[in-house]
1. From (1) modelled with pLDDT under 95; (2) surrounded by 19 or more Cβ atoms within 10 Å (Cβ to Cβ), pick out the condition that doesn't hold for B:Trp36.
2. So, in the stretch A:53-92, exactly how many residues are away from every other protein chain (no Cβ under 14 Å) and not polar (S, T, N, Q)?
3. Which residues, counting only those in the stretch B:73-115, are over 11 Å from the mean Cα position of the chain (by Cα) and within 23 Å of A:Asp29 (Cβ to Cβ)?
4. Give the residue that is surrounded by the most Cβ atoms within 10 Å (Cβ to Cβ), with candidates limited to residues of the stretch A:79-89 that are of a type outside the set (D, E, K, R) and not in a loop (DSSP other than H, G, I, E, B).
5. Only one residue in A:Asp40, A:Asp29 is among the charged types (D, E, K, R) and either outside any loop (DSSP other than H, G, I, E, B) or surrounded by 13 or more Cβ atoms within 10 Å (Cβ to Cβ) (or both). Which one?
6. Could you please find all residues in the stretch A:58-78 being in a loop (DSSP other than H, G, I, E, B) and closer than 17 Å to A:Phe106 by Cβ?
7. For A:Val32, are the conditions met, namely being β-branched (Val, Ile, Thr), more than 21 Å from A:Leu83 (Cα to Cα), in contact with a strand residue (DSSP E or B) (Cβ under 6 Å, 6 or more places away or on another chain) and touching a residue at least 12 places away in the same chain (Cβ under 8 Å)?
8. Any idea which residue in the stretch B:62-102 is farthest from the other protein chains (Cβ to nearest Cβ), counting only those that are assigned to a loop (DSSP other than H, G, I, E, B) and of a type in the set (D, E, K, R)?
Amino acid sequence: DSGVTQTPKHLITATGQRVTLRCSPRSGDLSVYWYQQSLDQGLQFLIQYYNGEERAKGNILERFSAQQFPDLHSELNLSSLELGDSALYFCASSGTGQGNGYEQYFGPGTRLTVT
Amino acid sequence: AQKITQTQPGMFVQEKEAVTLDCTYDTSDQSYGLFWYKQPSSGEMIFLIYQGSYDEQNATEGRYSLNFQKARKSANLVISASQLGDSAMYFCAMREGGGSNYKLTFGKGTLLTVNP
């Protein structure tokens, strides 16, 4: 158990809908990262938050947005869903980024299926 | 350009033997780090080992060791005494950036199968 929690574990929804994925980082970790894993794109970095602020952006679509709340949990919002958004979405957290703080610990993932 | 290259889509190894999974990387940063993660069929991503670019000794964690050759830009994972439970997808990843502001770039993975 990495200490990172994600809900829900599975999500099935229709095209055009909007969903919210939730992540709670490991106790004490200030950084949260979101990744998308699909068969054709592999594992892709989406976005990073550090202590409530957006710090880095990857291949995140404009239809997707995220935020990190004062209690450090994070939510990834996916809207106007398309079939191609079906993927496994991971949240990861890390510490201060110094010494061993670079390790990112992953949650169990949310499997999103868009029908 | 691909920053992390894993050239072995699949590998087979006999139980109790050692296996090396290849990873080459491309970066112009002086400070970076290399990671290996394991993803079993259940889907979770399990952190295995980390090597910083300034670390002089190769990282080891139990049966896992990272063969870091900086000049060749390679960071191969060596698993000693393979076990059936080692069958999984293995991903090499690189950290670029530092402090509290960095991301990981992943390779496409190597599917390892351990045969009894």
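The values are calculated or read from the model by the stated rules, or taken from the named source; none is laboratory data. Predicted, not measured: the structure shown is a model, and the values here were computed from it. Methodologically, a virtual Cβ is constructed for each residue, glycine included, from the backbone with ideal geometry; neighbour enumeration extends over all protein chains shown.
1. Status for B:Trp36: all satisfied but (1).
2. Residues meeting the conditions: 16.
3. Across the stretch B:73-115, the qualifying residues are B:Arg95, B:Glu96, B:Gly97, B:Gly98, B:Gly99, B:Ser100, B:Asn101, B:Tyr102, B:Lys103, B:Leu104, B:Thr105.
4. Step one: of the stretch A:79-89, the residues of a type outside the set (D, E, K, R) are A:79-81, A:83-84, A:86-89.
In the following step, the residues that additionally are not in a loop (DSSP other than H, G, I, E, B) were identified as A:83-84, A:87-89.
Details: A:Leu83: 9, A:Gly84: 12, A:Ala87: 22, A:Leu88: 19, A:Tyr89: 24.
My answer is A:Tyr89.
5. A:Asp29
6. A:Gly58, A:Leu72, A:His73
7. Considered against the rule, which asks whether it is β-branched (Val, Ile, Thr), more than 21 Å from A:Leu83 (Cα to Cα), in contact with a strand residue (DSSP E or B) (Cβ under 6 Å, 6 or more places away or on another chain) and touching a residue at least 12 places away in the same chain (Cβ under 8 Å), A:Val32 comes out as yes.
8. Our first condition is that a residue be assigned to a loop (DSSP other than H, G, I, E, B); within the stretch B:62-102, this holds for B:62-63, B:70-73, B:80-83, B:87, B:99-100.
This time we only want the ones that are of a type in the set (D, E, K, R), so: B:63, B:70, B:72-73.
On the way: B:Arg63: 18, B:Lys70: 17, B:Arg72: 22, B:Lys73: 19 Å.
Taking the candidates together, the pick is B:Arg72.
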